[in-house]
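Asks: Take a look at this one; I'll ask things after.
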Amino acid sequence: MTPSFDAAIAFARDLIRLPGLPGDEGRVAERVAAELRDLGFQDVRLDALGSAVGRIPGGGGAAVMLSSHLDVVDAGDPAEWEHGPFAADIADGFLHGRGAMDIKGPLALQTHAAAAYAASFPDGLPGDVIVAHTVLEERGGWGMERLLESGEVAPDAVIIGESTHGDVCIGHRGRAEIEVLLHGVAGHASAPERAANAVGLLRPVVGAIEAFAATLGADPLLGRSTLAITDVSTRPTSRNVIPDVAMLVCDWRVLPSETPDTARAALERWLVEHVPLETPFSLEVRVAREHQRTWTGEARDRMLFTPGFLLPPDHPVAAAAARAVHEATGREPALRPWTFATDGGHACGVHGIPSIGYAPGEERHAHTNTERLSLEEARVAYDAYPSLIGAVQGAAARGAE
């Protein structure tokens, strides 16, 4: 197959028609692997967790990896969509559907652009070009975490395919899902005096959490660290029982300096200092965990924590990427962070691999029933990608000297 923009869009439409929630990406992964083979990638495989990986080998220069993810979020009620979430309609200059811009459209563009870049070197690439599209990004990035920890790929630089609206993204805050458990004593609702109702702690704890959120710091580029309460539940759930547990779930967008342990401990210290607790009441703060199972059958309990990262704007890879996009498009891209978290947190934040993001699409359409990708913007990005890959590969090689 010859890589092209039109073929990339056709590939993206195929992928949109294959729903793939986290843990159920099998059909998507197999379709991606087939495309990699047809485009001439070598060593094409599905790794132990089911991520799709391919490589075009080069000389001894820097290896650059292009990466998007295979999973998408739930589409919700199809009746709420103007265009069916899995119809992959093209209308009014846009590709519509779940995954159109987050992230099957950019995934398809990255895949074909990588093959086009390799084809421009008839005598061989200066270094490897790797394409790795991962599982479970939407639930903390186990696919990328495992891929890099395994050593199966060893890139010198990474280009993430999350939408940037034509800018070059160089980092983001991390995400910690924190649970605050308030403990009391359960009892029959007909005799409340025999119980200690955990619900009674909600008001002071909510106030203390909001006060804690107001103290959080900021980074000049990444912005403020934010914390929001996103869920409240009680146990037992029977409505004629006074609950002995009330749980608040917090979404904390942490700065790159935070780890799961430091984040949890900081909130717990604050609550202990600011919430008066009398026996038998108590509270507990923990990083949420989730039992995750991949489509290949691997399973693990994982903390719901995605690390943040920030590549300095003057880093050679960031600067080279911005220059390449400017020269290819005639538009000077902003060097800025994403609002949301990506697999770049594992690549750069944990492993220290210089990572940037570049892709078409507007963040405001992500995870909504208006998800769409501008075909005009997609074509500009596709045409710019070969220059971008070359610039990042060259900068990474010079950095390794």
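The values are calculated or read from the model by the stated rules, or taken from the named source; none is laboratory data. Fair warning: this is a prediction, and the values are worked out from it, not measured in the lab. Reconstructed Cβ throughout: ideal geometry from the backbone, glycine too, with neighbour counts over all protein chains shown. Ligands, DNA and RNA are stripped out before the accessible areas are found, and what is left, the full protein with its side chains, is counted by its heavy atoms. Shrake-Rupley method; radii C 1.70, N 1.55, O 1.52, S 1.80 Å.
Asks: If we restrict to alpha carbons, what Rg and Dmax does the range 27-98 come to, in Å?
Replies: Considering the range 27-98 through its Cα atoms, Rg and Dmax are 16.5, 53 Å.
Asks: Now, a different point. Send over the semi-axes of the range 280-401's equivalent ellipsoid, whole angstrom and largest first, taken as the square roots of 5 times the C-alpha gyration tensor eigenvalues.
Replies: Rounded to whole Å, the semi-axes are 34, 21, 15.
Asks: A further question follows. Count neighbours as other Cβ atoms within 10 Å of each site's Cβ, and list the GluC sites (Glu not before Pro) in the range 16-98 that are DSSP loop with at most 11 such neighbours. Write out the running numbers ahead of the final one.
Replies: Details: sites: GLU25, GLU30, GLU35, GLU80, GLU82; in loops: GLU25, GLU82.
Passing both the DSSP loop test and the Cβ count: GLU82.
Asks: So how strong a dipole does the chain carry about its Cα centre when Lys and Arg Cβ are +1 and Asp and Glu Cβ are -1, to the nearest 20 debye?
Replies: Dipole of the chain, to the nearest 20 debye: 460 debye.
Asks: Can you give the angle from 0 to 90° between the axis of helix 202-214 and the longest principal axis of the chain, with both taken from C-alpha atoms, to the nearest 10?
Replies: 40 degrees
Asks: Give me P(r) over the range 188-250, computed from all C-alpha to C-alpha distances, binned every 5 Å, as integer percentages.
Replies: Whole-percent P(r) values from 0 Å outward: 4, 15, 20, 17, 13, 10, 8, 6, 4, 2, 1.
Asks: For the range 314-378, count all C-alpha to C-alpha pairs, find those more than 20 Å apart, and express that count as a whole percent of the total.
Replies: Working: 839 of 2080 pairs.
For the range 314-378, the fraction of Cα-Cα distances above 20 Å is 40 percent.
Asks: What ranking do 93-101, 336-344 get when scored by the average of other Cβ atoms within 10 Å per residue, highest first? Walk me through the numbers on the way to the answer.
Replies: Numbers: 93-101: 25.7, 336-344: 22.3.
Highest-to-lowest ranking by the protection proxy: 93-101, 336-344.
Asks: Expressed as a whole number of Å, what is the distance separating the alpha-carbon centroids of the range 151-212 and the range 330-401?
Replies: 27 Å
Asks: Still on this structure, I have one more. Restricting things to alpha carbons, find the Rg to Rh ratio for the chain using the Kirkwood radius for Rh.
Replies: 1.03
Asks: Roughly how many Å² is the accessible area per residue of the chain, as a whole number, for a 1.4 Å probe?
Replies: The answer is 41 Å² per residue.
Asks: Using a 1.4 angstrom probe on the protein heavy atoms only, could you order ASP102, ASP24 from most to least accessible area?
Replies: Result of the area sort, largest leading: ASP24, ASP102.
Asks: To continue, here is another question. Among 263-272, 326-335, what's the highest-first ranking by average C-beta atoms within 10 angstrom per residue?
Replies: Ranked by mean Cβ neighbours within 10 Å, highest first: 263-272, 326-335.
Asks: Take the range 101-242, drop everything but the C-alpha atoms, weight them equally and run the Debye formula without solvent; then report log10 I(q)/I(0) at 0.18 Å⁻¹ to two decimals.
Replies: -1.16
Asks: Can you check what the Kirkwood hydrodynamic radius comes to for the range 256-351, Cα pairs only, in Å to one decimal?
Replies: The answer is 17.4 Å.
Asks: Turning to a different aspect of this structure: What is the angle, in °, between the Cα long axis of helix 104-119 and the longest principal axis of the Cα atoms in the chain? Nearest 10 is fine, range 0 to 90.
Replies: Helix 104-119 sits at roughly 30 degrees to that axis.
Asks: Between 0 and 90 degrees, rounded to the nearest ten: what's the tilt of helix 5-16 against the longest Cα principal axis of the chain?
Replies: The answer is roughly 30 degrees.
Asks: Skipping prolines and chain starts, which residues have an amide H placed within reach, meaning under 5 Å, of the one on LEU66, given they are 5 or more residues away or on another chain?
Replies: Amide H neighbours of LEU66: ILE130, VAL131, ALA132, ILE159.
Asks: For the pair ARG269 and VAL245, what calculated FRET efficiency results from E = 1/(1 + (r/R0)^6), where r is the Cβ-Cβ distance and R0 = 35 Å, to the nearest 0.05?
Replies: 0.95
Asks: Could you give the length gained on full extension between THR237 and ASP261, defined as 0.36 nm per residue of separation minus the Cα-Cα distance, in nm?
Replies: 5.6 nm
Asks: In the range 93-168, how does Rg compare with the Kirkwood Rh, expressed as the Rg/Rh ratio over alpha carbon atoms?
Replies: 1.00
Asks: Which percent of Cα-Cα pairs in the range 34-190 sits in each 5 Å bin, short to long?
Replies: 2, 8, 14, 17, 17, 14, 10, 6, 4, 3, 2, 2, 1, 1, 0, 0, 0
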